[in-house]
Amino acid sequence: MGQLYIDGKFKDASDGQVFEVLNPYTLKVIENQSSASEDDVESAIEGAINAFDTYKKTTAYERADLLRKLLSLMTFGEEEIAKIMTEEQGKPFAEALGEVRYAASYVRWYAEEAIRVKGDLLAPSMTDSKMEVTKVPVGPVGIITPWNFPLAMFVRKVAPALAAGCTVVVKPAEETPLTAVKFFQWIHEAGFPKGVCQLITGDAKMIGKKMLESIGIRKISFTGSTGVGQYLMEQSGATLKKLSLELGGHAPFIVFDDADIEAAVEGAIASKFRNCGQVCVATNRVYVQEAVYDEFLSKMKLSLSKMKVGDGFNNVDLGPMINEAGFEKVQDHVSGAVECGAKVYYGGEGYRAESGQGGFLYEPTLLIDVDHSMKVMTEETFGPVLPVMKFKEESEVIEHANNTPFGLAAYYYTNNLGRANRVSEGLDYGMIGLNTGRISAAQAPFGGVKMSGFGREGGSYGIEEYLVTKYVMINY
Ligand code: ADP
């Protein structure tokens, strides 16, 4: 059974409650996971608050050493944890392995960054005085993450928090707690002092409420839906917590007529179909300039026809959707678009996996003749559907791209330097991929604008989220 990790010990829930973790391909139970009681959550929060008093005094070199130990355990155990991830989340095993390496790259980066946090001595306005500015850890942090990247989503938060000197209470998604349990075995083995990292799983509302109510939790870092992000922001007002919110997106992908079309097809596939489209920075809508529209469609169709759908352990390109609700949302976006005049150019079918009571698969799907009245062009589909629309002018497509409440990621392909600069300036997004569908990296700032949230993960920007500025005026 998967357990909680509180005060340096793996434990069952105090009232013995558990919940089932399913394999989304077979829909069979993999394992039971402890469902934390209110007492457990309180102990975890209390433990993190107590541990902060001593952990914040450790040197950056000590914290860097702990992160390096964690990195070597992650590297050594990458296949083991990738297997757990494919089992509980469904993503192809190769992608799961890629996720472990991606997560490990953050641990490596923050092991190095821990010792580079520094302050300032300002020019004083009087003699015999000094003005000292330091960066200190914000305090114990509540970390809440979704199921689509069961490891990377919380490691991107945990690594900079631990490097900065914060303690953490991690609540991963109900769908994928087992990856987190494995990771916490490494946290334990790496030797982080008790209370520094706590793992709680179970009732999201109750756990969230306890974190929000605690005056000792000084920051919440959340990745997930915009609705829950808004709720956390409203509720954290009472204790004025610092917040980082990485929320939904609706990424446009623009192909100009001077672009390398084969590269654009490859980039769109990378950004759309990874993790079966269940990615916040996934392309949600494609705009292709009229002169290259037909070429883009035929090349895209050919590439999609080579993609395999099925069990993540079976060398496929697309695994199952996480659950029936996710599958139904995709069906609804496709059928809604077709009812309003869209045509299915490729794919368009969803079905149950062959193995008995199997989970939900959906073919890579290409829609044409779409317009902005359709949900698929305005709401996050979170599935393997690519709606493609023709456009004429640069200014027109920038307007379309920005016409959304979201502002997480956008992509575009062009080989025209002037256009490249104009479009990057014009797109109202936190992250932009120019001639690439892959943007995320440990050293780069990941995050959005508008309803996609605020705060950045990665690089020196990411550690700032866990630090506060402290000023001492010294007169001698
Ligand atoms: P998704 O639709 O991707 O599952 P959610 O925002 O529902 O996105 O979930 C992201 C994370 O937020 C999960 O860990 C989930 O358990 C948690 N969560 C959901 N509702 C709440 C809540 N009311 N308070 C705190 N956490 C929540």
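Some notes on this structure:
- Virtual spin-label span in nm between TYR231 and SER395, 7 Å along Cα→Cβ: 4.4
- Placing pseudo-labels 7 Å out from each Cα toward the beta carbon at THR75 and SER335 gives an inter-label distance of 5.0 nm.
- Between the C-alpha center of the range 152-204 and that of the range 431-476 there is a gap of 20 Å.
- Each principal axis of the Cα cloud of the chain was taken in turn, and the coordinate range along them, longest first, works out to 73, 62, 40 Å.
- Tensor-based shape of the range 1-72 (alpha-carbon gyration tensor, a/c under 1.5 rounded, otherwise prolate or oblate): oblate
- Under Karplus coefficients 6.51, -1.76 and 1.60, residue-wise ³J(HN,Hα) of the range 124-131 in Hz, glycine/proline x: x, 9, 9, 6, 6, 8, 9, 10
- Prolate/oblate/rounded label for the range 147-242 (Cα gyration tensor, a/c 1.5): oblate
- Given charges at Cβ of Lys, Arg, Asp, Glu: the chain dipole, positive-most of LEU27, GLY216, PRO172: GLY216
- Globularity index of the range 258-338, i.e. its alpha-carbon radius of gyration over 2.2 N^0.38 Å: 1.20
- Computing FRET efficiency as 1/(1 + (r/R0)^6) for MET126 and VAL472, where r is the C-beta to C-beta distance and R0 is 25 Å, gives about 0.95.
- Kirkwood-based shape ratio for the range 349-422, expressed as Rg/Rh from alpha carbons: 1.10
- The range 343-470: C-alpha gyration tensor shape, a/c 1.5 cut-off, then a/b vs b/c: oblate
- Each residue of the range 322-333 is assigned a 3J(HN,Hα), and the resulting list reads 5, 6, 5, 5, x, 5, 5, 5, 5, 4, 5, 5 Hz, derived from the Karplus form 6.51 cos²θ - 1.76 cosθ + 1.60 (θ = phi - 60°), x at Gly and Pro.
- Taking the longest Cα principal axis of the chain as reference, the axis of helix 226-235 is set at about 30 degrees.
- The string of couplings for the range 398-406 from the Karplus curve (6.51, -1.76, 1.60, θ = phi - 60°) is 5, 4, 4, 4, 7, 7, 7, x, 8 Hz, one whole number per residue in order, with x for Gly and Pro.
Where a number appears in this text, it was derived from the coordinates with a stated rule and is not lab data. This structure is a prediction, so every number in the text was calculated from the model and none was measured. Cβ: placed from backbone, ideal geometry, glycine included. Neighbour counts: every protein chain shown.
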